[in-house]
Every structure is written in structure tokens, then in C-alpha cells.
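Comments concern the structure below.
The values are calculated or read from the model by the stated rules, or taken from the named source; none is laboratory data. All values derive from a computational prediction rather than experimental measurement. Positions of Cβ are backbone-derived with ideal geometry, glycine not excepted, and every protein chain shown enters the neighbour counts. Side chains included, ligands, DNA and RNA excluded: accessible areas come from the protein's heavy atoms. Shrake-Rupley method; radii C 1.70, N 1.55, O 1.52, S 1.80 Å.
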Amino acid sequence: MPEGDSVHRLAARLRQVDGSRVVNGELRGGPDAGRAFGDRVVTGHATHGKHLLTRFDDGMTLHTHMRMQGSWTVTAAGRRLPRHVVQDARVRLVLEDGRTVWGIDLPVVELVPTAEEHRVVGHLGPDLLHDDFDRDEALRRCSRDPDAPIRRVLLDQRRVAGLGNLWANELCFVRGLHPDLPAGRVAFGPLLDTARRMLRHSATAPDAYQVTTGVLRRGERHWVVGRAGRPCLRCGTRVRARDDVEVVGSPARRLWWCPRCQPEPKAA
């Protein structure tokens with residue numbers, strides 16, 4: 001699932017092309033579709049939450065977002081992608097050494113001045129994976145709507161950036177919180193500290209990507225996600241699930257929880 005740790009790992013992988021000169025290519029999606037790319041150097045890759053920022057030496061940044069379907073790949077000199085994959089490419093950057101960087105099926109592709117990156121990520125909350133994570137600001141944003149269910153607060157990128165549906169579900173389990181628990185009854189300090197440790201471990205440890213239990217065996221990598229109807233790995237109670245529609249017309253998000261480890265909240 002593309003979440004903050006996914007994009008963090010992606011940026012680390014794409015840094016193999018930092019310092020390379022782009023000699024040819026184009027954007028094939030977004031408001032700048034058709035714009036040719038050439039004679040510029042990739043100076044770095046940065047992230048904020050689920051957003052990727054590819055910076056160039058001409059003062060421009062390529063802002064992209066994978067959402068659920070996008071991906072990136074780098075082909076070696078002389079290698080080609082399958083034709084059906086090339087048809088879905090939204091970014092093509094041919095480097096001076098013959099390698100090509102491809103952004104595949106990206107729903108968000110736009111060029112912005114590097115000095116104005118705040119236009120595309122400034123609305124987001126503090127990023128859990130940033131070294132300068134502003135914990136106080138994250139606490140303020142997460143606590144401003146005490147009646148909102150905790151699951152929706154964790155998924156709102158304007159409050160804290162980087163958590164997707166997998167992490168929201170797993171974090172609630174680890175902290176013993178029912179997904180419907182009102183935010184006003186949650187101790188956000190310890191929750192955010194746990195979120196930061198788990199996300200950073202997933203983003204950096206070689207075999208830990210989105211493994212929340214510490215067990216690599218198939219079917220045991222997550223505490224509750226994907227385990228509806230199966231015994232809780234901690235207490236043996238059957239895990240429950242349901243679809244949650246936050247806004248009419250928007251895709252439903254799947255919720256998973258253990259009714260014993262995450263008791264239903266009682267009326268205040």
C-alpha cells in the first residue's frame with residue numbers, strides 16, 4: 001500500500017540518479033503534459049507524506065503522487081519497458097548515461113518552482129518521517145476535533161502526514177484503540193510516538209516494510225489488516241471488519257479491529 005514509508009523508500013531508491021543530467025524526455029500527464037524535458041540535472045528527491053518531490057538545477061520541482069496505482073522504475077542503458085507499460089508512462093526522463101527514469105500511471109504530475117513547493121505540500125500536517133517532525137504542531141492538529149473518530153484523524157493528511165489505511169488500522173490495534181473512539185478520548189502523544197517508531201522502522205529496515213507484528217510468515221505480518229474472521233494473533237478473538245465511507249461518493253475504506261483488544265467505546 002503506498003503510504004509514507006512507501007514513498008520514503010521510493011525516494012531512497014531514486015536517489016541513485018541524483019546528480020545525473022537529463023538529456024531527453026517529457027511529461028505525459030497533468031497540466032504540463034507534452035512538455036519536453038532536457039538539459040537539466042536532478043539535484044535531489046524529497047518527500048512529504050505520500051508526496052514525492054524531484055528537484056532539478058533549473059529551480060523547478062516535479063511533484064508527483066502515486067495514490068493507489070502509480071509506480072516508478074529505472075531502466076538500464078539499452079533496456080526497454082514492455083509496450084503496454086510504456087503506454088501508461090506519465091514521466092520519462094532519459095539520463096546522460098543511458099538510463100531512463102519512468103513514472104508509471106501517476107495520477108498527479110505537475111511542475112512547480114522549487115521555491116514554491118509549499119503550494120502543493122504546505123497544507124499537509126507534519127511528516128512523521130522527517131527528522132524535524134513538529135510533534136507539538138501534530139498534537140495540536142490531531143486534537144482540534146474531539147468528536148471525530150480516531151481512524152479519520154489518522155487518515156487526514158492535513159493533521160499528520162504519512163499514515164494510510166494500513167497504518168491507521170495497525171496503530172489502533174497496537175495502542176488498544178477502537179477505530180470509532182472519539183479523538184478527544186485519545187492520548188495523542190504516545191500514539192504519535194508509536195506511529196513514528198513503526199513508520200520509521202518500516203521505511204528503513206531491510207525486511208520490515210509494512211510488517212507490524214515482526215513476523216515474516218505469510219498471514220502473520222499484520223495484527224488485524226486482512227485478517228477478518230481469523231483469530232487475533234494476541235488473544236484469539238475473531239477479528240472483525242467493515243467498510244467505512246467518510247464522504248458519500250468516495251471509495252470505502254476497510255476497517256479491521258479485534259473486539260477484545262480494542263473494546264467498543266462506551267458512551268461518555
Segment 81-94 - phi-based ³J(HN,Hα) in whole Hz, Karplus 6.51/-1.76/1.60, Gly and Pro as x: 7, x, 4, 5, 6, 4, 4, 9, 5, 10, 9, 9, 10, 8
Three-way shape call for segment 164-231 based on the alpha-carbon gyration tensor, with the a/c threshold at 1.5: oblate
Karplus-derived 3J(HN,Hα), 6.51/-1.76/1.60, for each residue of segment 213-220, Hz, glycine and proline x: 8, x, 10, 8, 5, 4, x, 10
Shape category assigned to segment 1-154 from the gyration tensor of Cα positions, a/c cut at 1.5: prolate
Residues with amide H under 5 Å from that of ASP244, placed H, sequence gap 5 or more: ARG253, ARG254, LEU255
Mean Cβ neighbour count within 10 Å, used as a protection proxy, ranking 214-226, 41-53, 188-200 highest first: 41-53, 188-200, 214-226
Percent carbon-and-sulfur accessible area, segment 43-119, ignoring ligands, DNA and RNA, probe 1.4 Å: 46 percent
Sites matching GluC sites (Glu not before Pro) across segment 93-130 that sit in DSSP coil, with at most 16 neighbouring C-beta atoms within 10 Å: GLU96
Derived scalar couplings ³J(HN,Hα) [segment 105-119; Karplus, 6.51 cos²θ - 1.76 cosθ + 1.60; whole Hz; x for Gly, Pro]: 6, 7, x, 10, 9, 7, 9, 9, x, 4, 5, 10, 4, 4, 5
Structure-derived Cα Rg over 2.2 N^0.38 Å - corresponding label in (i) 1.10; (ii) 0.96; (iii) 1.62: (i)
Computed [θ] at 222 nm, helices only, for the chain once each DSSP H run of length n ≥ 4 contributes -39500 (n - 2.57): -6000 deg cm²/dmol
DSSP-loop trypsin sites (Lys or Arg not before Pro) across segment 70-111, with at most 15 other Cβ within 10 angstrom: ARG79, ARG80
C-alpha center-to-center spacing [segment 20-67, segment 100-120] in angstrom: 5 Å
Per residue value of the accessible surface for segment 164-208 (all protein chains in place, 1.4 Å probe), Å²: 35 Å²
Cα gyration tensor, segment 54-135 - rounded (a/c under 1.5), prolate or oblate: prolate
Fraction of accessible area attributable to carbon and sulfur, segment 152-205 (%, probe 1.4 Å): 49 percent
Amide H within-cut-off set for VAL23, under 5 Å, with H built and near neighbours excluded: ASP39, VAL94, LEU95, GLU96
